[in-house]
1. Kindly list the number of the only condition in (1) away from the ligand (no atom under 16 Å from the Cβ); (2) in contact with a Ser or Thr (Cβ under 7 Å, 6 or more places away or on another chain) that fails for Gly356.
2. From the residues in the range 176-209 that are of a type in the set (Asp, Glu) and touching a residue at least 40 places away in the same chain (Cβ under 8 Å), which one is nearest to Leu133 (Cα to Cα)?
3. So which of Pro60, Pro121 is buried (at least 20 other Cβ atoms within 10 Å of the Cβ) and out of contact with any Ser or Thr (no Cβ under 6 Å at 6 or more places or on another chain)?
4. Looking at Asp259, is it at negative phi, outside any loop (DSSP other than H, G, I, E, B), out of contact with any Ser or Thr (no Cβ under 6 Å at 6 or more places or on another chain) and away from the ligand (no atom under 16 Å from the Cβ)?
5. Is it fair to say Gly274 is in contact (Cβ under 8 Å) with a residue 12 or more places away in the chain, in contact with a Pro (Cβ under 7 Å, 6 or more places away or on another chain) and surrounded by fewer than 21 Cβ atoms within 10 Å (Cβ to Cβ)?
6. Given the criterion in a loop (DSSP other than H, G, I, E, B), under 20 Å from Gln365 (Cα atoms), more than 16 Å from the ligand (Cβ to nearest atom) and of a type outside the set (Lys, Arg), identify the matching residue among Met318, Met312.
7. Of the residues Lys105, Lys67, Lys93, which single one is touching a strand residue (DSSP E or B) at 6+ places or on another chain (Cβ under 8 Å) and surrounded by fewer than 18 Cβ atoms within 10 Å (Cβ to Cβ)?
8. Name the residue, out of Gln305, Gln278, that is in contact with a helix residue (DSSP H, G or I) (Cβ under 8 Å, 6 or more places away or on another chain), away from the ligand (no atom under 16 Å from the Cβ) and within 30 Å of Leu106 (Cα to Cα).
Amino acid sequence: MATQPQPQPQPLGDAASVSANIQSAWVVLGEDNQAIARAITSYSAPLPASGSADPNASCPLLTVDGKASRMTLRVAAGTVPLRTTASAPADSKPSSFPVNVCEAKLPAGAATASVAGQKLPLPKAEPQRILVLADTGCRLKKADNAYQPCSDGTAWPFAALATTAAGFNPDLVLHIGDYHYRENACPDDIAGCKGSPWGYGWDTWQADLFKPAAPLLAKAPWIMVRGNHEECARAGQGWYRFLDTRPYASATSCDNPADDNTANYSEPYAVTLGSESQVIVFDTAKVGKAALKTTDAQFQVYRKQLQSVAAMAGKTGMSTTIFTNHHPILAFAPVAGANPAPGNLAMQSVMTDLNGTAYYPTGVQVALHGHVHDFQAINFASTHPATIVSGNGGDNLDVALPDPLPAGILPAPGTTLDKITHHSSFGFMLMERRASPAKGWLFKSYTVAGKLLTTCTQTGSSLACDKSGFVAP
Ligand SMILES: [Fe+2]
């Protein structure tokens, strides 16, 4: 008698966990130091023949300390109808996201975690080395006639930068905003960017961030700050799908312009860096350039959020509180052929209302920013926080600041400059915790190739750099 075919065992592999489907998997730190695993997958589970579909069926399994469980769907693949953008309608298009975004909270103290065979980096109790970068994407912007050669690794060096930076083995990465720059189509006659994806969908996010940053996403958990390029009329939809650390909600998705007055202002939060140090993350995505009237709705939003910052900065036991937002507040913006512009007047106006010319609340020792595409390290003779700009991560650089700075040039009224150290070469910064019993951090600025340009030693709100003025690469 012929043997009947036996039922075959189910494939060992989980269809949603096939590694080829996973476009990126990383860990981001949110409020209360919650580590969140995220995965972007091109897999979509087939609908069941009967019964209701499991909403998480497209998500891969996350294995934590040997135990596998399915990640939760954060937001499903889809194409968002065209909304008003920063560009003319003719230069815009609906944002296509043909990928599902999945997530899972990681338990504190987890020793190992992996998705689809890819090991995830986990937070350290006492991080020693924090890699800082900002303004990393490749600029394609019709209004400015700016078409950076995205396919030229020297003119847009983010991939090389991320590889070098990963080689420094950071415990944590801090990105201070502006991940996405490919807003408009590259004209056919410009060879350096020809064929680049453009607009605000997945393909541009993949090209500007997830692909080039892969070595650094694999190396350490990230803290992600929002830049003006991630405001709702620009890459805000991708910001909320992929990077924002709070639960996804349609009202804060940037999909509907009617919600922009909420979605452009995410609430600040603090992340502790082991003992005695913390970072306060602040969203200035939509801040303008001019001082705000007290009656302005934006003034009121920021005022309230800065009151929360004051409460966070008052946390006991902290010797270094680092305030981080995208736009420099007490630093400069170089202007070709003219004196440099001061820090952001809108933020200064709100901070003056709360704290006078101290600007920052008590308890903030360091301020970290991007937005200006250079490196600046400023020590004040007045009692203002040490201020560092590290916005040289890949987008077109700004011109160098004048050296020396013209007399009387200040980032804000009421400040007194002691020293400024600056350069305008592509690169990143590494924060290293100072050896005990010293408190505070070393802030080291590197080129893309990993050459150390300057080391600044922070003690409280003072910063002593080993070089001053312009530093040649
Ligand atoms: Fe910016």
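The values are calculated or read from the model by the stated rules, or taken from the named source; none is laboratory data. Given the structure is predicted, the values throughout are model-derived calculations rather than measurements. Counting neighbours? That spans all protein chains shown, and the Cβs are built from the backbone with ideal geometry, glycine included.
1. It fails just one condition, (2).
2. Only one residue tops the list, namely Asp178.
3. Residue meeting the stated conditions: Pro121.
4. Yes; evaluated as a whole, the condition is true for this residue.
5. For Gly274, the condition - in contact (Cβ under 8 Å) with a residue 12 or more places away in the chain, in contact with a Pro (Cβ under 7 Å, 6 or more places away or on another chain) and surrounded by fewer than 21 Cβ atoms within 10 Å (Cβ to Cβ) - is met.
6. Going through Met318, Met312 in turn, the sole match is Met318.
7. Lys105
8. On inspection, the qualifying residue turns out to be Gln278.
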